[in-house]
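One structure is given here, and the rest of the page talks about it.
The values are calculated or read from the model by the stated rules, or taken from the named source; none is laboratory data. Just so we're clear, the structure is a prediction, and the values are computed from it rather than from any experiment. Positions of Cβ are generated from backbone atoms using ideal geometry, with glycine treated the same way; all protein chains shown enter the neighbour counts. For accessibility, only protein heavy atoms count, side chains too; no ligands or nucleic acids. Shrake-Rupley method; radii C 1.70, N 1.55, O 1.52, S 1.80 Å.
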Amino acid sequence: MRLVWLTLVGWAAAVAAQGNFQCPAHAEISPCQCTVKKNGLDILCEFTDVFHITRSMTVLKGKPSIVIYYLKLRHNNLPKLQSFIFLGIDIRHLTVHNSSLAVVEESSLSSMGKGLTQLDLSQNILNSVPSPAFRNLHHLIILNLNHNKITTLHNKAFEGLDTLEILTLYENKIINIEPEAFKGLDKKLKRLNIGGNDLNRVPREALSILDTLKKLEMQENSISQIAEGDFEGLTNLDSLGLAHNHLKRIPAKVFTHLKYLNSLELEGNGIVHIDAEAFAGLEENLQYLRLGDNNLHTIPSDALRRLHRLRHLDLRSNNISVIAEDAFTGFGDSITFLNLQKNDIRTLPPLGFENLNSLETLNLQNNKLVHIPEEIMEPIVDTLRVVDIMDNPLECDCELRWYASWLKSLRDKDDEMMQKKRTVCTMPKEHREFPVQAMPLERMNCVGKNMERTSSSISTALYPLSTLICLLPAMVH
């Protein structure tokens, strides 16, 4: 009985709470729509204009007890947020998206300081940060200004937003960030996105005060060089995105202040050289390094050797043609993911993978590999869960027999992911393609380690188990 009573009490409380969130009559706020959510009302106004939005806000002002958890103004003709438009309305999340918004008057948001936690003004035509309108938003946590026309972040642009944790300015027209642009954000800011702009250098002075920052995104700018000291002050940074800039060289000690950096994205830059000391300071924490879509001709092993906690190494789409025997010596034993697809690799060195003791995913897709001998794969075959060797000019030979055995072992573990990949090889004499796991072994006369003897006239005892041998048909006769 006590359980039933508690259930009824809980139900009654929920009904009472929902009663406080009653939507206005549809005719009063049309064409806006209202639905009741757990934490308040969700009001959506789309494809309308200033007149109808203002009228709906006037209706809501007459209902002071309600909480509007989401007010979403999307795809409207709303060039200006007028003063006091939201006065007297308790709004927690406000979105004005894709509404031709160009002006945010100083008093338009001033009454929302105690309740507003998220503000989205994305995809409008703001050409500067409307700083005066933001000054009283002392509980704001997330500010989204993506896809506007902002060209400069002026000094104290975000003053007053001392609780802000996420600031995103992706795809504006920013060419200049003044030294004190982020003043006031040094207490709480954890994520900053200034990607997709027109910056040609790292705004080191403005960034240097952000010692609480965890994630900094500067991808898709026009930054052509970085230097030691550019990231000084970002002592707690966990993730740094510099992808798709114009970097050609990574100099020594450029990241030396980023002791806690876990993820570094440098893909799509056209990088030709990485200094041996480029990653100094990242030894203890860097786990994810993305160097794909650059112009590297070798694996930058000298720079990588100090990264003894590295787990994810992406080198796809470079111009790597040779893997040195010691390419992964000193740091390879922690790597679980290695991506070398879309390079120019023609051969694999016999001991090249010897140090990759933890490797689970190896991507060699779309290279120039003709042979992948078992002895090369032997050190890693027991830990591998994914091997992608598709789109290589592979020959069907006994050296590839390991692949079918490995696939079967995965099938025995109920691992279906690899079974769906169609990896083929060519029998040169027959000018035919075969799936690698269905090579015509009966015509290939393979013996050796992990090989079933396919010729009864030859004893496998004649051959070392560690060596894979393809016997010519003439030898059988």
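Key figures
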| quantity | calculated |
| --- | --- |
| Against the rule of thumb 2.2 N^0.38 Å, how large the Cα Rg of segment 184-288 comes out | 0.98 |
| Per residue, the convex hull volume that the Cα atoms of segment 297-433 enclose (Å³) | 100 Å³ |
| Mean residue ellipticity (222 nm) of the chain, computed from DSSP H runs ≥ 4 via -39,500 (n - 2.57), nearest 500 | -3500 deg cm²/dmol |
| Electrostatic dipole magnitude of the chain [Cβ: Lys, Arg +1; Asp, Glu -1; Cα centre; debye, to 20] | 1540 debye |
| Dimensions in Å of segment 235-293 - Rg and Dmax from alpha carbons | 10.8, 29 |
| Hydrodynamic radius (Kirkwood) for segment 133-217, which is based on Cα pairs only, to one decimal in Å | 12.6 Å |
| Difference of contour (0.36 nm per residue) and Cα-Cα distance, Asp302 to Ser65 | 78.8 nm |
| For segment 290-311 and segment 165-190, distance of Cα centres in Å | 30 Å |
| Accessible area of the chain belonging to carbon and sulfur atoms, whole % at 1.4 Å probe | 50 percent |
| With Cα atoms, 0 to 90° folded angle of helix 401-412 axis to the chain main axis | 50 degrees |
| Rounded to 5, percent antiparallel among DSSP beta bridges of the chain | 15 percent |
| Charge dipole (the chain, unit charges on Cβ, about Cα centre) - positive-most of Leu264, Phe51, Ala133 | Phe51 |
| Dipole magnitude (debye, nearest 20) for segment 237-348, charges at Cβ of Lys, Arg, Asp, Glu | 140 debye |
| Cα convex hull of segment 83-185 - mean projected area over all directions, nm² | 5.4 nm² |
| Alpha-carbon centroids, segment 328-397 and segment 43-67: separation in whole Å | 61 Å |
| Once the Cα gyration tensor of segment 351-390 is diagonalised, semi-axes √(5λ) in Å | 16, 12, 8 |
| Dipole magnitude of segment 202-255, debye to nearest 20 (Cβ charges: Lys/Arg +1, Asp/Glu -1, about Cα centre) | 200 debye |
| Of Lys183/Lys253; Lys114/Lys173; Lys188/Lys253; Lys61/Lys156; Lys80/Lys183, those spanning more than 30 Å from alpha-carbon to alpha-carbon | Lys114/Lys173; Lys61/Lys156 |
| 29 Å Cα-Cα reach of Lys421 towards lysines, excluding residues that sit fewer than 8 places from it in its own chain | Lys342, Lys368, Lys408, Lys413, Lys429, Lys449 |
| Accessible area of Ser239 in the full protein assembly, 1.4 Å probe (Å², nearest 10) | 20 Å² |
| Convex hull volume of the chain per residue (C-alpha atoms, cubic angstrom) | 213 Å³ |
| Gyration tensor (alpha-carbon) shape descriptor, segment 250-345, a/c threshold 1.5 | prolate |
| For segment 199-262, accessible area per residue (1.4 Å probe, heavy atoms of protein chains only), Å² | 41 Å² |
| Kirkwood Rh and Cα Rg combined as Rg over Rh, evaluated for segment 300-345 | 0.95 |
| Debye log10 I(q)/I(0) at q = 0.12, 0.14 Å⁻¹ for segment 98-254, Cα point scatterers | -0.49, -0.66 |
| Net charge of Cβ neighbours under 12 Å - reference Asn172; Lys, Arg +1; Asp, Glu -1 | -1 |
